[in-house]
Amino acid sequence: MTDLPYAMAATKAGGPEVVQRTDLSLPEPGPGEVQIAHRAIGVNFIDCYFRSGLYPWPDPQQLIPGAEASGVVSAVGAGVTGLKEGDRVAYTLPNNAYASARNIAAAHVVRLPDGISFETAASVMLKGLTTRYLLKDSFSLQPGQRVLFHAAAGGVGLIAGQWMNAIGVESVGTAGGPEKCALAKSHGFADVIDYRQEDFLEATRQMVPEGFHVVYDSVGKDTLLKSLKCLKLHGTLVNFGQSSGAVTDFKISDLAAGSFHITRPVLFHFTSNRQWLERGTAELFGLIMDGRIRVQTHSAPLTTAAKVHADLEGRRTTGSTVLIP
């Protein structure tokens, strides 16, 4: 590589300001690895969870956040088959993506079809595959079922609204403010509740008195207990994040109110299965290329990662943000 590689890293847990530029010493890829020159890097709440210390750091001395990216293979390690220098690729894997380049095990990397841009790939590898396991694996949605989806104007929410629309379910979203509500509705949601103006529990009881088959909740502390009350008998709550903070007041006996089911899936338990990864990305990219899912992407320089984190945590973002090295 001609330019000295760099990363946006933290040496201690804390707020967005702990993320600072640092130079990298990048060796040649080892056996089973490829080196990727990044073209775009996705931003997600899991990056903030690691940066803040909510999730433990793999290396207590330094953290490079970032769990999805795209780019070009610049070097190939011994034993790698199916990938070569110059291939356009993408991946999702916890941490180390906020860098201009990196080495990564080839088993986590997929090739990009010609119809998928670097920016699109970096904005959907984590969020799109998260949507895939939510709708197909954590709860197998069927046409005509009723769904409540929190944070409908976020990166996952906007993909999920369109994917649910393609499946044929009746989806209600929640979002904060009229602009976000309109955005979610334009991305497949049949109805959207502005949680800043009305209590979503009371609103959903008016909309769907019998309750929802499934509630998808990535907000956590502020919503989870009310989300349970939105379910129909034997309904399922899928909690896949905690943007408002960790849930500390949930008891297993809370499920007895309606013989409810609850699950807390993690994307990387799915993507560790190479067959699932290949099937999931093929399905996701196919939906994007045939127009059933469109992706709203905003870009910012990689060096502004701290500001992007602050905006994300302040709920001042919509859709997907990608960082450009």
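What to note about this one:
- If only the Cβ of Lys and Arg carry +1 and only the Cβ of Asp and Glu carry -1, the dipole of segment 52-119 around its Cα centre is close to 100 debye.
- Segment 1-134, relative contact order in percent, only Cα pairs under 8 angstrom and at least six apart counted: 29 percent
- Charged-residue dipole, Cβ positions (Lys, Arg, Asp, Glu), the chain about Cα centre, Debye nearest 20: 280 debye
- Charge dipole of segment 1-101 about the Cα centre (unit charges at C-beta), most positive-ward option of 42, 7, 81: 42
- Distance violations [Cα-Cα > 22 Å] among 185/251; 221/251; 12/127; 221/307: 185/251; 12/127; 221/307
- Equivalent-ellipsoid semi-axes of segment 217-325, from the Cα gyration tensor, Å, largest first: 31, 22, 13
- For the chain, the residue among 299, 281, 173 whose Cα projects farthest onto the positive side of the dipole built from Cβ charges is 173.
- Applying 0.36 nm per residue to the separation of residue 55 and residue 140 and subtracting their alpha-carbon distance, the gain on full extension is 27.7 nm.
- Across segment 48-61, computed HN-Hα scalar couplings (Karplus, 6.51 cos²θ - 1.76 cosθ + 1.60, θ = phi - 60°) run 5, 4, 5, 4, 6, x, 4, 9, x, 7, x, 10, x, 8 Hz from first to last residue, x flagging Gly and Pro.
- Sequence-separation-based contact order of segment 143-263, relative, with Cα cut under 8 Å and 6+ spacing, percent: 21 percent
- Distance cut-off 24 Å, percentage of C-alpha pairs in segment 19-157 lying past it: 37 percent
- Net length gained if the chain between residue 23 and residue 210 were fully extended (0.36 nm per residue, minus Cα distance): 61.7 nm
- Inverse mean reciprocal Cα-Cα distance (Kirkwood Rh) of the chain, Å: 20.2 Å
- The simple Förster model, with R0 at 41 Å and r as the Cβ-Cβ distance, assigns residue 186 and residue 78 a FRET efficiency of 0.25.
- Dipole of segment 214-325 [Lys/Arg +1, Asp/Glu -1 at C-beta], most positive-end residue of 324, 216, 260: 260
- Listed residues 153, 282, 122, most fluctuating in the chain (Gaussian network, C-alpha, under 10 Å): 282
- Only alpha carbons enter this Debye calculation for segment 143-263, each as an equal point scatterer, and the log10 of I(q)/I(0) it gives at q = 0.23 Å⁻¹ is -1.43.
- By the count of neighbouring beta-carbon atoms within 10 Å, fewest first, 72, 89 end up ordered 72, 89.
- Reference-scaled alpha-carbon Rg (2.2 N^0.38 Å with N residues) for segment 141-193: 0.97
- Set of aspartates and glutamates with alpha-carbon distance to residue 136 below 18 Å, sequence-local pairs under 8 removed: 170, 217, 278, 283
- The dipole here belongs to segment 143-263: it is taken about the Cα centre, uses +1 on the Cβ of Lys and Arg and -1 on the Cβ of Asp and Glu, and is about 160 debye.
- Residue among 40, 101, 257 with the largest mean-square fluctuation in a Gaussian network model of the chain, springs linking Cα atoms under 10 Å: 257
- Relative contact order for the chain: 18 percent, from Cα pairs under 8 Å spaced at least 6 residues apart, divided by residue count.
Every number in this text was worked out from the coordinates using simple rules, so none of it is lab data. In this text, all values refer to a predicted model and were calculated from it rather than measured experimentally. Every residue, glycine as well, gets a Cβ built from its backbone with ideal geometry; the counts of neighbours run over all protein chains shown.
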